[in-house]
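Report on one structure; see the data block that follows.
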Amino acid sequence: MSQKKLVSPFIHENISFANRVVMAPMNRRRAVKGIPPLSMVTYYQQRASAGLLITDNIAISSNGVAYMDTPGIYNEEQKNAWKKVVDAVHAKGGKIFAQLVQAGRIGHPAIQNNEPLVAPSAIPVKETIRIPDHTYQLMTMPVSIHIDEIPFWVNAFKQATINALEAGFDGVEIHAAHGFLIDQFINPLSNTRTDEYGGSIRNRTRFLMEVMQEVVAVAGKNKVGIRLSPFREIYDLKPYPEELATHQYILEELQKLDILYLHFSNAITNGQDSIPVSFLHNARKFFKNIMMIAGGFTVETAEEILQNQLVDFVAFGKLYISNPDLVERIKNDGPLAEWDEETFYHGGDKGYIDYPEMILSKPR
């Protein structure tokens with residue numbers, strides 16, 4: 001049984017990882033009122049052998065949740081519930097980062113404390129979303145964030161980072177992908193501002209960099225990662241002419257902050273990756289620290305991309321839903337269990353904490 005790079009350790013300055021297998025952030029939508037339930041403690045502890053666990057999207061504000069039953073970290077009850085999760089993961093020797101998000105124009109007031117959606121510009125998403133009466137409603141028109149209110153939202157990310165560290169998280173990942181608030185500022189299709197937060201590449205990325213500067217200031221560079229989804233079509237956002245130049249600029253600026261890692265979110269459509277190999281090759285020129293990627297990887301393709309040194313870690317989503325002991329299965333060439341898509345986003349404990357671990361045969 002040959003040693004796979006996936007399960008080899010990774011040492012980086014002040015933090016070490018047992019392996020290069022990451023549990024990708026997935027919003028499993030089990031947190032009623034934004035409070036992580038006890039089942040979430042079990043869920044993450046079951047998967048603690050990963051080199052790194054990244055949490056569900058964690059909302060930084062009551063109107064930033066996007067979907068029903070998304071966890072938050074903007075009040076003491078939520079923070080205390082997350083502490084139980086973190087303690088359970090640490091008890092198993094695992095490491096866990098909190099993924100922090102403000103969904104912006106994604107969502108509906110009915111699931112966001114009856115508060116309006118906010119966005120860089122008043123441009124709605126032409127899609128529906130499930131609300132508490134179990135119907136699907138169009139996402140509402142967002143309120144454009146006034147320039148005087150931008151420091152409030154920068155501070156919301158900063159305070160959420162403080163809360164996460166107080167809960168014991170090993171670090172935070174800022175969600176700047178998937179068409180959520182930060183990504184809405186970056187993309188000119190959702191940002192038509194004419195002030196210093198819109199227009200040029202530097203202006204459209206200004207909100208992102210102000211958030212990252214504040215987060216690094218309170219957490220330290222070795223406790224901060226970021227998720228990006230260049231070229232991904234999602235929530236009415238399409239590729240745009242300056243997208244490559246925009247992300248190259250972002251990588252250069254993030255390198256100046258010397259943050260721990262970049263986490264790219266890939267999507268496969270009609271057999272094509274949203275993030276081409278050429279982009280990953282080029283990204284290494286701009287960002288010198290840890291790079292990871294998620295999105296559609298098998299154990300075999302993950303091993304291949306690591307061997308080719310395009311990234312340092314690979315994050316798995318669906319495979320981690322149905323294989324809580326994924327690292328052990330990879331180490332032992334074990335069979336991989338199938339997932340149940342019906343329980344991805346609802347179902348209580350079913351399809352959440354009831355996937356069994358692999359039974360290893362005992363040596364004779």
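Points worth noting:
- Any chance MET358 is over 22 Å from HIS178 (Cβ atoms) and of a type in the set (A, V, I, L, M, F, W, C): yes
- As a summary of the residue check, LYS256 satisfies the conditions (1) more than 21 Å from ILE147 (Cβ to Cβ); (2) open to solvent by less than 30 Å² (accessible area, probe 1.4 Å) except for the one numbered (2).
- Pair list, Cβ under 7 Å, 6 or more apart: the range 113-131 residue free of Cβ contacts under 8 Å to residues at least 40 places away in the same chain, other residue among the basic types (Lys, Arg): PRO124/ARG105
- Qualifying residues in the range 118-135 (those that are open to solvent by less than 60 Å² (accessible area, probe 1.4 Å) and of a type in the set (S, T, N, Q)) - the one farthest from ALA219 (Cα to Cα): THR135
- The residue list ASN19, ASN63, ASN80 contains one member that is open to solvent by 50 Å² or more (accessible area, probe 1.4 Å) and over 17 Å from the mean Cα position of the chain (by Cα), which is ASN80.
- Within the range 268-302, the set of residues being among the polar types (S, T, N, Q) and touching a Leu at 6+ places or on another chain (Cβ under 7 Å) comprises ASN289 only.
- Scan of the range 311-324 for residues that are open to solvent by 10 Å² or more (accessible area, probe 1.4 Å) and either free of Cβ contacts under 8 Å to residues at least 60 places away in the same chain or in contact with a Ser or Thr (Cβ under 7 Å, 6 or more places away or on another chain) (or both), ordered by number: LYS318, LEU319
- Check on GLY199, free of Cβ contacts under 8 Å to residues at least 40 places away in the same chain, surrounded by fewer than 20 Cβ atoms within 10 Å (Cβ to Cβ) and either assigned to a loop (DSSP other than H, G, I, E, B) or more than 17 Å from the chain's Cα centre (by Cα) (or both): yes
- GLU115 vs. criteria closer than 19 Å to GLY34 by Cβ and either loosely packed, with under 15 Cβ neighbours inside 10 Å or over 22 Å from the mean Cα position of the chain (by Cα) (or both): yes
- The condition of being over 21 Å from ALA24 (Cβ atoms) and touching an Asp or Glu at 6+ places or on another chain (Cβ under 9 Å) holds for only one of THR194, THR246, THR205, that being THR205.
- Annotation: of all residues in the range 83-105 being within 14 Å of the chain's Cα centre (by Cα) and among the aliphatic types (A, V, I, L, M), the one that is surrounded by the most Cβ atoms within 10 Å (Cβ to Cβ) is VAL101.
- Within the range 257-316, the set of residues being hydroxyl-bearing (Ser, Thr, Tyr) and over 28 Å from VAL216 (Cα atoms) comprises THR269, SER274, SER278, THR298, THR301.
- Tabulated pairs, the range 263-278, first closer than 12 Å to GLY295 by Cβ, second among the acidic types (Asp, Glu), C-beta under 7 angstrom, 6+ apart or interchain: HIS263/GLU173; ASN266/ASP273
- Within the range 1-16, considering residues that are more than 14 Å from ASN289 (Cα to Cα) and hydrophobic (A, V, I, L, M, F, W, C), the one surrounded by the most Cβ atoms within 10 Å (Cβ to Cβ): LEU6
- Members of the range 202-253 that are among the acidic types (Asp, Glu), open to solvent by 50 Å² or more (accessible area, probe 1.4 Å) and more than 21 Å from ILE150 (Cβ to Cβ): GLU233, ASP236, GLU242, GLU252
Listed here are the residues, each with its yes/no results for (1) modelled with pLDDT of 95 or more; (2) under 25 Å from ARG28 (Cα atoms).
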{"position": "PRO276", "(1), (2)": "no, no"}
{"position": "LEU306", "(1), (2)": "yes, no"}
{"position": "PRO324", "(1), (2)": "yes, yes"}
{"position": "ARG364", "(1), (2)": "no, no"}
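- Some residue of the range 221-232 being among the hydroxyl-bearing types (Ser, Thr, Tyr) and without any contact (Cβ under 8 Å) to a residue 40 or more places away in the chain: no
The values are calculated or read from the model by the stated rules, or taken from the named source; none is laboratory data. Being a predicted model, the structure only gives us computed values, none of them experimental. Virtual Cβ from ideal backbone geometry, glycine too; neighbours counted across all protein chains shown. Remember, those area values only see protein heavy atoms, side chains included, never the ligands or the DNA or RNA. Shrake-Rupley method; radii C 1.70, N 1.55, O 1.52, S 1.80 Å.
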